[in-house]
1. Restricting everything to alpha-carbon atoms, can you work out Rg to Rh for the range 84-205 with a Kirkwood hydrodynamic radius?
2. How long, wide and thick is the range 25-122, going by the Cα atoms along their three principal axes, in whole angstroms, largest first?
3. Enter the angle in degrees (range 0 to 90, nearest 10) between the Cα long axis of helix 125-135 and the first principal axis of the Cα atoms of the chain, meaning the one along which they spread out most.
4. Between Q103 and I17, what is 0.36 nm times their sequence separation minus the Cα-Cα distance? Round to one decimal in nm.
5. Which trypsin sites (Lys or Arg not before Pro) does the range 31-104 hold that lie in a coil by DSSP with at most 10 other beta carbons within 10 Å?
6. In percent, how large is the relative contact order of the range 101-184, given Cα pairs closer than 8 Å and 6 or more residues apart?
7. Nearest 10 degrees, 0 to 90: what angle lies between the long axis of helix 6-15 and the longest principal axis of the chain (Cα atoms)?
8. How big, on average over all directions, is the shadow cast by the Cα convex hull of the range 153-204, in nm²?
Amino acid sequence: MCPRGAAAQDRCVATCIGPPTGALVLAGGGRLESAIYRSFVELAGGSEARIVVIPTATSDKGLPLDWPGVKPFRDAGAMWVTVLHTRYSDVANTEDFVQPLRQATGVWIEGGRPWRLVEAYLGTLTEDELHLLLARGGVIGGTSAGASMMASFLLRGDVKGNDIVWSPEYQEGFGFLRGVAVDQHLLAREREADMFQVLRQNPEL
């Protein structure tokens with residue numbers, strides 16, 4: 001969303017750029033309403049949607065073999081849902097690993113810690129395939145860390161803790177939104193003032 005006022009909107013058009021095709025669905029985190037999943041699945045093709053869920057931002061402890069993260073998409077009407085996950089960028093950079101993304105009409109990136117997504121996927125074939133998904137009109141959604149990772153400027157990426165607003169070592173996201181930073185749990189964790197700090201030190205955002 002652009003800021004109000006003609007001059008501010010002109011600046012936003014020049015700097016805050018999203019994908020020319022496809023769609024993005026960004027959620028703030030926590031327990032999400034089922035309507036968000038329904039909207040995402042509808043954008044991905046409804047009952048014909050082919051959904052890939054990426055839970056990599058979650059800790060290994062949060063990823064049991066019976067991980068329930070696919071259920072909201074099936075409840076929303078998607079018949080074809082699969083999970084794609086690795087901790088290793090060399091795996092994420094292989095043709096075999098990215099095959100599900102080439103079939104997908106929608107990808108959902110789960111919440112957790114953004115640095116795990118950076119280490120596994122940034123600069124790999126997996127990231128390339130996500131951009132190609134948008135280019136062919138697909139949808140990418142995400143919540144919490146998954147939403148922040150969609151921006152070009154990554155927030156909450158420091159490995160030492162999510163109370164650190166941004167980290168020099170983990171400052172680059174996937175860039176589906178360019179010239180943008182996306183925070184999560186904004187009201188629930190009283191983070192509103194953090195965004196002003198970000199903008200003061202990074203006025204190009």
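The values are calculated or read from the model by the stated rules, or taken from the named source; none is laboratory data. What you see is a predicted model; the values in this text were computed from it and never measured. All Cβ positions, even for glycine, are placed from backbone atoms using ideal geometry, and neighbour counts span all protein chains on display. Quick note on the areas: whole protein, heavy atoms, side chains included, nothing else; ligands and nucleic acids left out. Shrake-Rupley method; radii C 1.70, N 1.55, O 1.52, S 1.80 Å.
1. Taking Rh as the inverse mean 1/r over Cα pairs, Rg/Rh reads 0.98.
2. Projected onto its principal axes, the Cα set of the range 25-122 covers 34, 29, 25 Å.
3. It works out to around 80 degrees.
4. Details: separation 86, 0.36 × 86 = 30.96 nm, distance 2.60 nm.
Answer, rounded to one decimal: 28.4 nm.
5. Counting only loop positions with at most 10 other Cβ atoms within 10 Å, the trypsin sites (Lys or Arg not before Pro) in the range 31-104 are R31.
6. On the way: 163 pairs, mean separation 27.2, N = 84.
Once divided by the residue count of the range 101-184, the mean separation gives 32 percent.
7. 50 degrees
8. Across all orientations, the range 153-204 yields a mean hull projection of 3.6 nm².
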